[in-house]
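Here the structure is laid out as structure tokens; the discussion comes afterwards.
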Amino acid sequence: MATVTERLEAAAAAHEAAATQLSALLGALETAKIVHRVYTTSATWQKPAGLRFLKVTVTGGGGGGGGSGDALREAGNGGGSGATAIKFYDEAAVAALADNVAITIGAGGAGGTGGDFEVDGTPGDQGGASSFATLSAGGGNGGGCGRPALLRGQIGGSATGGDLNLSGGCGGSMTLGDDLVNESDVLAGNGASSYWGGGGRGGAEGSLGSDGGPGRSYGAGGGGAAYGSAASTIPGLNDGGDGSDGVVVIEEIY
């Protein structure tokens with residue numbers, strides 16, 4: 001059995017070795033070169049010479065908000081946000097990547113259109129999927145349009161292939177004010193926030209109502225549109241906000 005002195009000497013040696021490794025790692029980080037690339041349109045990534053590590057973040061497009069309608073005094077729900085996949089590549093994984101990798105950026109879904117006099121509005125479109133190699137991030141679903149008691153905000157997209165696969169957020173549901181009989185004083189649903197930030201603002205009821213706002217960050221959902229309190233005599237014609245396009249962010253470490 002080792003003596004106390006021998007154990008202390010072994011612990012000191014292990015500590016010194018760990019300190020040496022940590023010092024070398026910190027030195028490497030201080031001299032490392034990090035390059036950020038942000039892709040907002042589909043493209044091809046070319047693997048650079050000397051690349052050691054890689055971090056890739058992929059986000060799908062946000063869903064469009066639902067339009068308002070006049071047929072049943074309808075309001076729109078917010079669109080869901082795009083999912084996000086994040087992957088860290090070590091040196092072996094970087095070496096295994098192809099020299100050229102296709103990047104796909106999912107488009108944001110268009111907002112639904114408002115219905116004219118006694119006409120239903122339309123739901124927003126689903127956002128498109130974004131991808132890089134084996135990473136895929138689906139787009140958020142478009143917000144619906146209908147009577148407040150029947151609809152909820154739409155779900156976000158799903159992600160695969162990452163070390164972290166983050167589902168998109170659900171769009172907000174329309175809410176009612178005090179007049180539950182006539183369903184006036186309605187606030188349309190907000191668009192869902194994405195990994196990068198906030199969604200579009202939902203429209204507010206008024207004499208003419210208002211459009212939903214567009215998504216405010218990569219992959220965020222558009223806000224739903226609100227009908228007008230004078231809908232029985234004035235067409236709704238308020239559109240949902242468009243979802244935001246997705247994004248791929250690449251961080252190269254040399």
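Would you be able to tell me the number of residues in segment 53-73 that are among the charged types (D, E, K, R) and at pLDDT below 90?
Result for segment 53-73: 2.
Within segment 228-242, can one find any residue that is in a loop (DSSP other than H, G, I, E, B), surrounded by fewer than 24 Cβ atoms within 10 Å (Cβ to Cβ), small (Gly, Ala, Ser) and modelled with pLDDT of 95 or more?
Scanning segment 228-242 turns up no residue that is in a loop (DSSP other than H, G, I, E, B), surrounded by fewer than 24 Cβ atoms within 10 Å (Cβ to Cβ), small (Gly, Ala, Ser) and modelled with pLDDT of 95 or more.
In segment 124-141, which residues are in a loop (DSSP other than H, G, I, E, B) and within 14 Å of GLY219 (Cβ to Cβ)?
GLN126, GLY127, GLY128, ALA129, GLY138, GLY139, GLY140, ASN141, listed by residue number.
What are the residues in segment 7-38 that are within 22 Å of ALA95 (Cβ to Cβ) and at pLDDT 90 or above, if any?
Correct list: VAL35, HIS36, ARG37.
The values are calculated or read from the model by the stated rules, or taken from the named source; none is laboratory data. A quick note: this is a predicted structure, and the numbers were derived from the prediction, not measured. Heads up, the Cβs are rebuilt from the backbone with ideal geometry, glycines too, and the neighbour counts pull from every protein chain shown.
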